[in-house]
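Okay, so here's the structure we're looking at.
The values are calculated or read from the model by the stated rules, or taken from the named source; none is laboratory data. Model, not experiment: these values are computed from the prediction. All Cβ positions, glycine included, derive from the backbone under ideal geometry; neighbour counts span all protein chains shown. Only protein heavy atoms, including side chains, enter the accessible area calculation; ligands, DNA and RNA are left aside. Shrake-Rupley method; radii C 1.70, N 1.55, O 1.52, S 1.80 Å.
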Amino acid sequence: MLKTIQARFISISGNTRSFMDSLVDYAKQQNANDPNLPLFKPVEISDVTDLAEEPDPYFAFVPTYLNGGNGIDNGVKELMTNSLGEYIGYGDNHTKCLGIIGSGNKNFNEQYCLTAKRYAHDYGFPYLNNYELRGNSADVERIYNSMVNRIKAVQDE
């Protein structure tokens, strides 16, 4: 088992950043109870982040912001999250992504987590999970466990 789960994320409104903080705290608690469980280390990607090759496996977290198109039958114009997509697409970074977790507002129906689903499709890694807005404690637990299970599955391959 990895000692630390690596994550790359983008946060526009602060919701994803807040969720990352909750995951860091939850992982610390889990690791304190069982040192075999990994810690969580998120790194924020933004428009000023230099593109770099990822040395280790990681998970990606992305909210959905669209400006035009409904993402279903008349196209997609992604807004504000492009820098994470460019980072994932740089070099071989997409091959190191163990999976993606999406977030958004469920009021947007079919567009909910559309960016994460598109990245999973475009780059060929799994769409693992989702949470709404800032998430809640049940989301934190569920998503942490889904990342741990994904790491175990990859190690068993």
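Return only the number of the condition from (1) in a helix (DSSP H, G or I); (2) at pLDDT below 95 that residue 139 does not satisfy.
Among (1) in a helix (DSSP H, G or I); (2) at pLDDT below 95, residue 139 violates only (2).
Looking only at residues in segment 15-39 that are touching a residue at least 60 places away in the same chain (Cβ under 8 Å) and part of a loop (DSSP other than H, G, I, E, B), which one is least open to solvent (accessible area, probe 1.4 Å)?
Pass one, segment 15-39, residues touching a residue at least 60 places away in the same chain (Cβ under 8 Å): 15-16, 18-19, 22-23, 26-27, 30, 37-38.
Filter once more, keeping what is part of a loop (DSSP other than H, G, I, E, B): 37-38.
Details: 37: 40, 38: 1 Å².
For segment 15-39, the residue satisfying everything is 38.
Kindly provide the set of residues from segment 1-57 that are β-branched (Val, Ile, Thr) and under 18 Å from residue 143 (Cβ atoms), ordered by number.
4, 5, 10, 16, 24, 43
How many of the residues making up segment 88-130 are at pLDDT below 85, assigned to a loop (DSSP other than H, G, I, E, B) and open to solvent by 60 Å² or more (accessible area, probe 1.4 Å)?
Matching residues across segment 88-130 total 0.
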